[in-house]
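Please read the structure below before turning to the comments.
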Amino acid sequence: MARTRVLFLAEAVTLAHLARPVELASGLSSAEYEITLACDSRYRSILERLPFKTLPLHSLSSERFLAALTRGRPVYDSETLERYVSDDLDLIDAFKPDLVVGDFRLSLSISARLRQVPYLAISNAYWSPYARQTWPVPALPYLRWAGTTLGSALFRLARPIAFALHTRPLNRVRRRHGLPSLGNDLRRVYTDADYTLYADVPELTPTRDLPAHHRYLGPILWSPPAAPPIWWDALPEGLPQIYLTLGSSGARELLPTILNALANLPVAIMVATAGHATSLSHWPNNTFHADYLPGCEAAARSSLVICNGGSPTTQQALAAGVPVIGIAGNLDQLLNMQAITAAGAGALLRVDGFSQPRLLRLVQTLLNEPRYKQSARQVSGWFAHYPARPRFAQLLEEIQSSG
């Protein structure tokens, strides 16, 4: 029998949007599936190690993406999305997939439909139109003069308008290609697909009236294929360990300040810089660093994880039953941490409210109060019922048998 051809497209604006397709693709049987993954070459070091075919795919630069988030502006304009559609169509026409899987590749809402190929979108449940959601104000520039209280009130008033503005570029390109508008709800733009897959669990991020084509897949846990550093098995014994990474979308400029705050604590700190150079000329004595670390293992051997509040690293921590501090600024990170703090499994420190004393208090609290560890273990139990790889493979079988 011919193998099912699956084309994965990863939008490389952050590492997370590559990591999740890589993890799901890696769990599929090569005897049953012919896999191709398309991604921008900025992650060449990861793509070169994969056991399946990869192809180049242009993505917006990470710098431009993060700058847009910081200012609260639409990430994509119509011209960029039009180019994306053209690039998508070239790949689909060349590979002729049976299924297309995308992670934040919004243009697939158009291109996959134009070629009538079933399209599966990976997303987070807190972006679902069916989520029970409140909207924290992101760390936007106007908060510097408005303050958090007034700024939050202004954000509540402006958010529907801002979301509508963010939907316009994709809706404009959809109309050019004869497809109907998705409306003014940004959540529909982010999750429109034939099948929408949530990299979450319903206990942590609940939804209501979920349609059958929206599925909870479970946390998609991935670690970069990097060999452990030479210090990996030589950390000081008898000290709590902290895993610290701000990833590809965190406030990396805070790293020196964070490390200085923790320098005198009786802890060992494992730091992953995500390949980004730092301004540090001297690392504190209790710090051990590398570009990349096996994140799942680092989290599992830790007493606390400190990160940017995004779902990939927080899920690594919670899967291991380890509480997390999220130093978060953009809306995606804040929505994720909102669910975690509500579950009692972590604490939020906003980027625009960051200070060394606040961080130090949170670290000491989460290390010393058992309730955070207990809550993190409860979340770990929820995660265990949603193994993403087999659930994804089962869904692909369902789609193929129904087609």
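Only the coordinates and a few stated rules stand behind these numbers; no lab work does. The model shown is predicted, which means the values in this text are computed figures rather than measured ones. In this analysis, Cβ positions are derived from the backbone assuming ideal geometry, glycine residues included, and neighbour counts consider all displayed protein chains.
Kindly provide the chymotrypsin sites (Phe, Trp or Tyr not before Pro) of the stretch 216-316 that DSSP labels as loop, not H, G, I, E or B, and whose Cβ sees at most 14 other Cβ atoms within 10 Å.
Within the stretch 216-316, the qualifying chymotrypsin sites (Phe, Trp or Tyr not before Pro) (loop, at most 14 other Cβ atoms within 10 Å) are 231.
What do you get for Rg/Rh over the stretch 197-319 if you use C-alpha atoms and the Kirkwood form of Rh?
1.04
Which residue fluctuates the most in the chain, going by a Gaussian network model with Cα springs under 10 Å, if the choices are 219, 51, 202?
Of 219, 51, 202, the Gaussian network model singles out 51 as fluctuating most.
What list of ³J(HN,Hα) values in whole Hz, one per residue of the stretch 262-268 in order, does the Karplus curve 6.51 cos²θ - 1.76 cosθ + 1.60 (θ = phi - 60°) give from phi, with Gly and Pro shown as x?
In residue order, the calculated couplings are 9, 4, 9, 7, x, 9, 10 Hz.
Counting each pair of different Cα atoms once, what's the Kirkwood radius of the stretch 274-403 in Å, rounded to one decimal?
16.2
Just to confirm the number: angle between the C-alpha axis of helix 62-71 and the first principal axis of the chain, 0 to 90 degrees, nearest 10?
80
Between 7, 124, 351, whose Cα lies farthest towards the positive end of the dipole of the chain when Lys and Arg beta carbons carry +1 and Asp and Glu beta carbons carry -1, centred on the Cα centre?
Of the options given, the answer is 351.
Where Lys and Arg each count +1 and Asp and Glu each count -1, what net charge lies around residue 395 among other residues with Cβ under 14 Å from its Cβ? Write down the numbers at each step before the final one.
On the way: positive: 215, 389, 391; negative: 32, 98, 194, 397, 398.
For residues surrounding residue 395, the net value is -2.
Name the residues whose placed amide hydrogens come within less than 5 Å of the amide hydrogen of residue 54, ignoring near sequence neighbours (fewer than 5 apart) on the same chain.
Answer set, sorted by chain and number: 37.
Any chance you could list the semi-axes, whole Å, largest first, of the equivalent ellipsoid that the Cα gyration tensor gives for the chain, using √(5λ)?
Whole-Å semi-axes of the equivalent ellipsoid: 34, 25, 20.
Charges at C-beta only: +1 for Lys and Arg, -1 for Asp and Glu. How large is the resulting dipole of the chain about its Cα centre, in Debye rounded to 20? Show your work: numbers first, answer last.
Details: 38 positive and 32 negative charges, 202 e Å.
It comes to approximately 980 debye.
Work from the charge dipole of the chain (Cβ charges, +1 for Lys and Arg, -1 for Asp and Glu, about the Cα centre) and give the residue of 399, 72, 218 farthest towards its positive end.
72
Taking the Cα centre as origin and putting +1 on Lys and Arg beta-carbons and -1 on Asp and Glu beta-carbons, what dipole magnitude results for the stretch 41-186, to the nearest 20 debye?
Magnitude of the dipole: close to 360 debye.
Starting from the Cα-Cα distance between residue 115 and residue 213, subtract it from 0.36 nm times their residue separation and give me the gain in nm to one decimal. Could you put the intermediate results ahead of the total?
Numbers: separation 98, 0.36 × 98 = 35.28 nm, distance 1.95 nm.
Taking 0.36 nm per residue and subtracting the Cα distance, the gain is 33.3 nm.
Helix 356-368 versus the longest principal axis of the chain: what angle, 0 to 90°, nearest 10, using Cα atoms?
Helix 356-368 sits roughly 90 degrees off the main axis of the chain.
So what's the angle, to the nearest 10 degrees on a 0 to 90 scale, between helix 78-95 and the longest Cα principal axis of the chain?
70
What's the longest bit of the chain with no exposed trypsin sites (Lys or Arg not before Pro), using DSSP loop states and at most 12 other Cβ atoms within 10 Å as the test?
Looking at the chain, 209-403 is the longest stretch - no exposed trypsin sites (Lys or Arg not before Pro) with at most 12 other Cβ atoms within 10 Å.
For the stretch 211-298, which GluC sites (Glu not before Pro) are in a loop by DSSP, counting at most 16 other Cβ atoms within 10 Å?
For GluC sites (Glu not before Pro) across the stretch 211-298 that sit outside H, G, I, E and B with at most 16 neighbouring Cβ atoms in 10 Å, the list reads 237.
Among the GluC sites (Glu not before Pro) within the stretch 4-102, which fall in a DSSP loop and have no more than 12 other Cβ atoms within 10 Å of their own Cβ? Could you put the intermediate results ahead of the total?
Working: sites: 11, 23, 32, 34, 48, 63, 79, 82; in loops: 11, 32, 48.
Those that pass, being in a loop and sparsely packed, are 48.
Report the charge-dipole magnitude of the stretch 241-384 in Debye, nearest 20, computed about the Cα centre from +1 at each Lys and Arg Cβ and -1 at each Asp and Glu Cβ.
340
With r defined as the distance between the Cβ atoms of residue 371 and residue 297 and R0 fixed at 22 Å, what FRET efficiency is calculated, to the nearest 0.05?
Plugging the Cβ-Cβ distance into 1/(1 + (r/R0)^6) gives 0.30.
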